[in-house]
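The values are calculated or read from the model by the stated rules, or taken from the named source; none is laboratory data. In this text the structure is predicted, and so the values were computed from the model without any measurement. Don't worry about glycine lacking a Cβ; one is built from the backbone with ideal geometry, like all the others, and counts go over all protein chains shown.
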Amino acid sequence: MMTDPAQKLYAKMRLWEFPDQYVVEPTDGSSASLLAVSRLDGSMNLVGEIPQCSKLRVPKIQTIYGVVGY
């Protein structure tokens, strides 16, 4: 059985917590897209890079091992 590389599961990720969104980044060295989740309405989309940080947008960063949702 062949697996689709676009549906790879990640065992370890980095969570970036911004005031307006969460960004989940795979940390396995791949160039995969990042998952951005709006804290305003829960909408999700794939992004190519981490959003800009500034003195007003300092993210909290932590290691996570999965994402759960419905």
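Sort out which residues of segment 44-59 are surrounded by 10 or more Cβ atoms within 10 Å (Cβ to Cβ) and at pLDDT 85 or above, and write them in order of number. Reasoning before the result, please.
Going residue by residue through segment 44-59, those that are surrounded by 10 or more Cβ atoms within 10 Å (Cβ to Cβ) are 44-45, 47, 50-51, 53, 57-59.
Hits for segment 44-59 are Met44, Asn45, Val47, Ile50, Pro51, Val58, Pro59.
Could you tell me how many of the residues in segment 22-43 are more than 20 Å from Lys12 (Cβ to Cβ) and free of Cβ contacts under 8 Å to residues at least 12 places away in the same chain? Show your work before the answer.
Narrowing segment 22-43 to residues more than 20 Å from Lys12 (Cβ to Cβ): 38-43.
Applying the additional criterion that residues be free of Cβ contacts under 8 Å to residues at least 12 places away in the same chain yields 41-43.
Count: 3.
Taking segment 10-38 only, how many residues are basic (Lys, Arg) and either outside any loop (DSSP other than H, G, I, E, B) or surrounded by 12 or more Cβ atoms within 10 Å (Cβ to Cβ) (or both)?
So in segment 10-38, the residues basic (Lys, Arg) come out as 12, 14.
Okay, now just the ones that are also either outside any loop (DSSP other than H, G, I, E, B) or surrounded by 12 or more Cβ atoms within 10 Å (Cβ to Cβ) (or both), so 14.
Selection size over segment 10-38: 1.
Go through segment 18-70 residue by residue and tally those that are out of contact with any strand residue (DSSP E or B) (no Cβ under 9 Å at 6 or more places or on another chain) and among the β-branched types (Val, Ile, Thr).
Here the count works out to 2.
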